[in-house]
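A.B. asks: Just passing along the structure, written as structure tokens.
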Amino acid sequence: MPRHDLTDAELDELWDEFHTVVNMTSKDLADWLRVRASDEDAEAFLDETGHMPGLSTGQHVLRILGRRKTDLDEVDVTTMARVVERVRSQRREDLEPTAGDAAWRHKLMTIGHDPLQPAD
């Protein structure tokens, strides 16, 4: 039984969109997060009840990448929606590789999106 309020179709759409904007592999993201672990730009998305304190968005993205769609919970769904929204708000719709300021690229990479990589 899913632990979120989305219909199957809505979850399928979010899942696909999340996996489109998160264009780094689990290994690449894990390596990047280790490099950036002490960076003050690491951002945590907490749910309304305060679950997973201190878990950065990137760490949560990494956790989601290791899950099956049927195992997602409300926090996962919320994080996925926020990541999609953030990437889409800062990128062109086609997600074509784009060079930009290093700080901007690094912030996007902390949530699993490398703007220099082509979208799948």
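The values are calculated or read from the model by the stated rules, or taken from the named source; none is laboratory data. As the structure is a prediction and not an experimental result, all values here were calculated from the model. Here the Cβ positions follow ideal geometry from the backbone for every residue, glycine too, while neighbour counts run over all protein chains shown. Ligands, DNA and RNA are excluded from the accessible area calculation, which covers all protein heavy atoms including side chains. Shrake-Rupley method; radii C 1.70, N 1.55, O 1.52, S 1.80 Å.
A.B. asks: Need the full-extension length gain, Leu6 to His106, defined as separation in residues times 0.36 nm minus the C-alpha distance. One decimal, nm.
C.D. replies: 32.9 nm
A.B. asks: Sticking with this structure for a sec: About the Cα centre of the stretch 79-120, what is the dipole size in debye to 20, counting +1 per Lys and Arg Cβ and -1 per Asp and Glu Cβ, all else neutral?
C.D. replies: Dipole of the stretch 79-120, to the nearest 20 debye: 220 debye.
A.B. asks: Given a 1.4 Å probe and heavy atoms of the protein chains only, how would you sort Leu14, Leu6, Leu72, Leu116, largest accessible area at the top?
C.D. replies: Accessible-area ranking of Leu14, Leu6, Leu72, Leu116, largest first: Leu116, Leu6, Leu14, Leu72.
A.B. asks: Trp104 accessible area, nearest 10 Å², 1.4 Å probe?
C.D. replies: Ignoring ligands and nucleic acids, Trp104 comes out at about 60 Å².
A.B. asks: Probe 1.4 Å, all protein chains in place: accessible area of Glu85 in Å², nearest 10?
C.D. replies: Accessible surface of Glu85 is approximately 130 Å².
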